[in-house]
Structures are given as C-alpha cells and as structure tokens.
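**Student:** Provided herewith is a single structure, encoded as structure tokens, for subsequent inquiry.
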Amino acid sequence: MRETVKTELLAPAGDFEKLKTALHFGADAVYVGGSEFSLRANAKNFSKEQLKEACGYVRERGKKIYVAVNVFAKNDDFDKLPEYLAFLQDAGVNGVIVTDPGVIEFCKKYAPVLEIHISTQANTTNKYSAKFWADQGAKRIVLARETSLAEIREIREYLPESVEIEAFVHGAMCISYSGRCLLSASLAGRSGNRGDCVQACRWEYEITEKNRKGERLPIYEDDRGTYILNSKDLNMLSHIGELIDAGIYSFKIEGRMKSQYYVASVVNAYRQAIDGFTADKNYEVPALLSEELEKNSHRDYTTGFYYGEKDSVCSDTSQPKCDWEFTALVTGYDENKGAVALQQRNRFRTGDVLEILSPDKKYFGKTLKIEEMYDENGAALDDAKLVQQTVYVPTEYKLAKGDILRKRVLK
C-alpha cells in the first residue's frame, strides 16, 4: 500500500451548472472566475450574487472554491480591487489565484484570511522562485506547465511543508511559454493576458517572401494544412502515481471554457484514477478510464514537459475530435414510475442505445436501450426532439441527479 497522501482534484467551473457537475463527479475543489479580474473574459463567469451562492453550495458539501484574480493588472484595476477582495473573503471563498505582485500585496492587506495561490501565469519553473513566492505569503504555487517531474521533486523538497504544489494534469495547452502570449492582442486587438484570447494560435498561417509581393506561401506540414502553433492536449491519467510521488498536492484540470459534459467526463476519470493510485502503488488505469478520455472533445494527447521535452507537444490539426454527444442529463429517479427522469440535451429516439456516465461504478459505462419513454403528462414518445424537455424512461437503473447519458455519433 502506498502511504496515504492527501491530494486534491481541482476542476474548472465556467458557470454554476458546471460547478455542480464537477462536484457530483468527484472534484474536491473548483476554480471559478468572477465578473472582474479573471483571465477568462469570455466565460460566463460568476456575478457577486452567484459567487455567494456558489460558496454556500460548495461549503455545504465539504469542498473548496478558489477564485481567479489572475489578470495582469493595470493602475486603474487597483481602484476597485480592495472592495472586491474583501467581498471574496466575506463570501467564504477559500483562496484566490493571483499573478501580479501588486495584487498579492492588496490580498494580504484587504483580505488576509484568503489563501494566496500563485497562478501558472507567474511562470514558476524553479525552486528559488517557488521559495520567493512562499516567502511572500503564498499558500500554494501553481507550477508552469514547462516544469518536469524531476524539477517538481526538487521544488517540493526545497519548500516548507505548509506550502502546496499544484500542477495541470489534463486539458488544452498554450504553445506560448506558460500562456504569456501576445498573438491575440497583436492580430485581433484582444489580449490573452487580459482574459480575452481569441486563440489565434489555432488559425492557419502563410508566409510571404520579401521580393514576391502579394504571393502567399503556405507552410505545409502535411496535406491537411499548417498548424505550427497548435498544441496537443495534456493527458496524465496513467501517470498520477508518479505525480503523487513527486509531491504534487493539487491535480488541476484545464477548462473553464469547456462544456458541462467535458467536465463530467474528465473529472470522473481522474477521480477514479487518483483514488486508485492513492490506495495502491501498483494500480493500473483500467481501459474503461483511458477510453473515457477519448469520449470527450480533445486534440491528440501528450504528456507535455513532465518527462523533459521528449514528447512532442505540437499537433497536426487545430480541430478537436469527439465521436460522442451529451444526450440527456439525469434529473432524478421516480420510484413510483420505475423510470429515470431526463432533461433532453440532444435528440434521441426509441431504439437508441445510450451510455451511462456516472460516478457510481455500478452504472458507469453501462448502456441503456430506450425501449419506451413518456413526457411529463404520461403520453408516449418515440422522439425526444424538444430542447431540454423532460422525458421519463423506464429502467431498473436508479441513476442519480447529475448523471449523464450520451450517444455515439457516427461522422
């Protein structure tokens, strides 16, 4: 048995629905953005009232919530910052994710109870920088994605035990060094460092030669196009044991802009894997979990820089792939009707075979064939085609509220 090590599975929550989904599928904590000072300006984010409600919801379940205040701040930002930080503290937020040293000073002054988590945007790649942030009062340091496992071990040994290490384990990666990119601002006037990235790295590019004005030359990598700035997606599911041994406390999933279905699928897989590796050092990730990460939208996978730079992070396409769609959200089980209540998310019909995504292992991966279904008035249906309509499907599977049904889509 591996020595029991407390770890944290940290999930993205772009809105309240995704927050609930993340906790349902086993996240220990969520990170969110408020309406201000967050590096995801195009996410729905949380208003102040929603943040208060979210804090209560998380606290009631014994979980934690962290708020991104990781904007690269300008002078004018500090006018509103004291009031906002004090609000976060009073609302019951557990910690703030920050990058700017000025913001850190304001956190200590105006919200001293809040934990300070140093954002990956701070580019912490060595033990001396990590120790510097610890000396400034940081409770946690989110390491740069470019940090290897060997380097993480050294950083962990160099830091006080009270300081936690957080690292990304899954999701999209920036081709720019730890996300410090000017491409979006230069080409679209929208700064990625102010939370407004247009993902210009996913575009296709051509070059011109100085003496051949007007002649555009594509930079071919293969017959599908040019994607020299595209990164693969990070996937460390099979390596959780090594991450635990390296001293990582919090395992972070990228994706505040990702869908509710994506959050459910990825959190479920990592929850089971982390539990397995924590309990048994010889644990091997079962095929069911590895295959799970192929069932949500993703690019080709990579282990990033954890093992040095031997695993290429460049992708040959800008398009994610996914052969499965979110078909229905379980809203409960009606004992009287012997039926599961569903909220339709994509069209399905009688005869369709749907697969179950659930944190309950006795249901996860099982299939449910729709033999019959009914609307709220008890009328028989053969086609659930109305957006978010309530449908009852007779089944012996007593699925829980928040579980998901999906369908394979042939393309």
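**Student:** If Tyr84 satisfies all but one of (1) touching a helix residue (DSSP H, G or I) at 6+ places or on another chain (Cβ under 8 Å); (2) open to solvent by less than 10 Å² (accessible area, probe 1.4 Å), what's the number of the condition it fails?
**Tutor:** Of (1) touching a helix residue (DSSP H, G or I) at 6+ places or on another chain (Cβ under 8 Å); (2) open to solvent by less than 10 Å² (accessible area, probe 1.4 Å), only one is false for Tyr84: (1).
Rundown of residues vs (1) under 20 Å from the mean Cα position of the chain (by Cα); (2) closer than 26 Å to Gln199 by Cα, yes/no style:
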{"site": "Gly14", "(1), (2)": "yes, yes"}
{"site": "Glu17", "(1), (2)": "yes, yes"}
{"site": "Asp28", "(1), (2)": "yes, no"}
{"site": "Tyr31", "(1), (2)": "yes, yes"}
{"site": "Asn45", "(1), (2)": "yes, yes"}
{"site": "Glu60", "(1), (2)": "no, no"}
{"site": "Lys74", "(1), (2)": "no, yes"}
{"site": "Lys80", "(1), (2)": "no, no"}
{"site": "Gly102", "(1), (2)": "no, no"}
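**Student:** Let me ask another. Considering only residues of the range 90-106 that are open to solvent by less than 10 Å² (accessible area, probe 1.4 Å) and assigned to a helix (DSSP H, G or I), which is nearest to Cys181 (Cα to Cα)?
**Tutor:** Val103
**Student:** Kindly indicate whether any position in the range 315-337 is modelled with pLDDT of 95 or more, surrounded by fewer than 16 Cβ atoms within 10 Å (Cβ to Cβ), of a type in the set (Lys, Arg) and on the phi < 0 side of the Ramachandran plot.
**Tutor:** no
**Student:** Shifting gears a bit: Please go through the range 352-364 and pick out each residue that is open to solvent by less than 40 Å² (accessible area, probe 1.4 Å) and over 15 Å from Val330 (Cβ atoms).
**Tutor:** Within the range 352-364, just Asp352 meets the criteria.
Conditions (1) among the charged types (D, E, K, R); (2) under 30 Å from Ser148 (Cα atoms); (3) under 21 Å from the mean Cα position of the chain (by Cα); (4) modelled with pLDDT under 95, marked per residue:
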site	(1), (2), (3), (4)
Ser297	no, yes, yes, yes
Ser312	no, yes, no, yes
Lys369	yes, no, no, no
Tyr374	no, no, no, no
Tyr397	no, no, no, no
Ala400	no, no, no, no
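**Student:** For the range 139-150, give me each residue that is open to solvent by 10 Å² or more (accessible area, probe 1.4 Å) and not in a helix (DSSP H, G or I).
**Tutor:** Lys139, Arg145, Glu146, Ser148
**Student:** Within the range 316-329, can one find any residue that is basic (Lys, Arg) and touching a helix residue (DSSP H, G or I) at 6+ places or on another chain (Cβ under 8 Å)?
**Tutor:** no
**Student:** What's the number of the condition Val387 fails, among (1) over 30 Å from Val169 (Cα atoms); (2) modelled with pLDDT of 95 or more?
**Tutor:** For Val387, the failing item is (2).
**Student:** Is it the case that the range 50-57 has a residue that's at pLDDT 95 or above, within 18 Å of the chain's Cα centre (by Cα) and surrounded by 20 or more Cβ atoms within 10 Å (Cβ to Cβ)?
**Tutor:** Yes, that holds for at least one residue.
**Student:** Ser265: more than 21 Å from Tyr306 (Cβ to Cβ) and at pLDDT 95 or above, yes or no?
**Tutor:** Considered against the rule, which asks whether it is more than 21 Å from Tyr306 (Cβ to Cβ) and at pLDDT 95 or above, Ser265 comes out as yes.
**Student:** Answer yes or no as to whether Ala167 is of a type in the set (Gly, Ala, Ser), more than 21 Å from the chain's Cα centre (by Cα) and not in a loop (DSSP other than H, G, I, E, B).
**Tutor:** no
**Student:** Does the range 292-314 include one or more residues that are farther than 30 Å from Ala200 by Cα and in contact with a Pro (Cβ under 8 Å, 6 or more places away or on another chain)?
**Tutor:** Checked against the condition, which is being farther than 30 Å from Ala200 by Cα and in contact with a Pro (Cβ under 8 Å, 6 or more places away or on another chain), the range 292-314 yields no hits at all.
**Student:** When the residues of the range 107-136 are filtered to those that are in a helix (DSSP H, G or I) and in contact with a strand residue (DSSP E or B) (Cβ under 6 Å, 6 or more places away or on another chain), which remaining residue is most open to solvent (accessible area, probe 1.4 Å)?
**Tutor:** Trp133
**Student:** Is it the case that some residue within the range 252-268 is at positive phi and crowded, with 18+ Cβ neighbours inside 10 Å?
**Tutor:** Checked the range 252-268: at least one residue is at positive phi and crowded, with 18+ Cβ neighbours inside 10 Å.
**Student:** Determine, yes or no, whether Val393 is touching a residue at least 12 places away in the same chain (Cβ under 8 Å), over 30 Å from Gln272 (Cβ atoms) and either aliphatic (A, V, I, L, M) or part of a strand (DSSP E or B) (or both).
**Tutor:** No, not satisfied.
**Student:** Looking only at the range 249-283, which residues are more than 24 Å from Ala400 (Cβ to Cβ), acidic (Asp, Glu) and out of contact with any Gly (no Cβ under 8 Å at 6 or more places or on another chain)?
**Tutor:** Asp280
**Student:** For Asn45, are the conditions met, namely being of a type in the set (S, T, N, Q) and touching a strand residue (DSSP E or B) at 6+ places or on another chain (Cβ under 6 Å)?
**Tutor:** yes
**Student:** Still on this model: Is it the case that some residue within the range 63-75 is outside any loop (DSSP other than H, G, I, E, B), open to solvent by 70 Å² or more (accessible area, probe 1.4 Å) and of a type outside the set (Gly, Ala, Ser)?
**Tutor:** Yes: one or more hits.
**Student:** Between a first residue in the range 81-98 that is over 14 Å from Ala68 (Cα atoms) and a second residue that is open to solvent by less than 10 Å² (accessible area, probe 1.4 Å) and among the aromatic types (Phe, Trp, Tyr), which pairs have beta carbons less than 9 Å apart while being 6 or more apart in sequence or on different chains?
**Tutor:** Hits for this filter: zero, empty list.
**Student:** Across the range 210-256, which residue is nearest to Val267 (Cα to Cα) among those that are at pLDDT below 90 and among the polar types (S, T, N, Q)?
**Tutor:** Ser231
**Student:** Would you check if there is a residue in the range 169-184 being open to solvent by less than 40 Å² (accessible area, probe 1.4 Å), closer than 15 Å to Ala27 by Cα and either among the acidic types (Asp, Glu) or at pLDDT 70 or above (or both)?
**Tutor:** Within the range 169-184 (the criterion being open to solvent by less than 40 Å² (accessible area, probe 1.4 Å), closer than 15 Å to Ala27 by Cα and either among the acidic types (Asp, Glu) or at pLDDT 70 or above (or both)), the answer is yes, since at least one residue qualifies.
The values are calculated or read from the model by the stated rules, or taken from the named source; none is laboratory data. These figures come from a predicted structure and were not determined experimentally. Because the Cβ atoms are built from the backbone with ideal geometry, glycine has one as well, and the counts that use them run over all protein chains shown. For accessibility, only protein heavy atoms count, side chains too; no ligands or nucleic acids. Shrake-Rupley method; radii C 1.70, N 1.55, O 1.52, S 1.80 Å.
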